Amino acid sequence: MKSLTYEQAMEKLEQAVARLHEGALSLEETLAVYDDACRLAVHCGAQLENAKQKLTLITDGVDL
């Protein structure tokens, strides 16, 4: 999962959410897709936090 870009992870997360909303999965499949979705959400959150930290570093060095 770490090799996924933010955009790739978001696309997979959106697909997982769509599958869950369809309601056609078995309980076991639902749990597996939900687990994947949670991991993808954490991955995306970490990438956003990293980007935020980078922006802070960049903007702290700039006099506005």
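We did not get these values from a lab; they are worked out from the coordinates using the rules stated. Given the structure is predicted, the values throughout are model-derived calculations rather than measurements. A quick note on method: Cβ atoms are made from the backbone with ideal geometry, for glycine too, and the neighbour counts reach across all protein chains shown.
State to the nearest 20 debye the size of the charge dipole of the chain about its Cα centre, where the only charges are +1 on K and R beta carbons and -1 on D and E beta carbons.
On the way: 6 positive and 11 negative charges, 32 e Å.
Using only the charged Cβ atoms, the result is roughly 160 debye.
Grab the beta carbon distance between L4 and Y34, set R0 = 25 Å, and tell me the FRET efficiency rounded to 0.05.
Numbers: r = 18 Å, r/R0 = 0.72.
With R0 = 25 Å, the Cβ-Cβ based efficiency is 0.90.
Could you tell me which of L31, L20, G45 has its Cα farthest along the dipole of the chain towards the positive end, charges placed at Cβ (Lys, Arg +1; Asp, Glu -1), taken about the Cα centre?
Value: G45.
Post the alpha-carbon centroid distance, region 25-64 to region 1-23, in whole angstrom.
Here the two parts' Cα centres lie 12 Å apart.
How do V33, V62 line up, fewest other C-beta atoms within 10 Å first?
Numbers: V33 17, V62 6.
Fewest-to-most Cβ neighbours within 10 Å comes out as V62, V33.
Report the normalised scattering of region 16-62 as log10 I(q)/I(0) at q = 0.21, 0.25, 0.26, 0.33 Å⁻¹, calculated by the Debye formula with identical scatterers on the alpha carbons.
The calculated log intensity ratios at q = 0.21, 0.25, 0.26, 0.33 Å⁻¹ are -0.70, -0.83, -0.86, -1.06.
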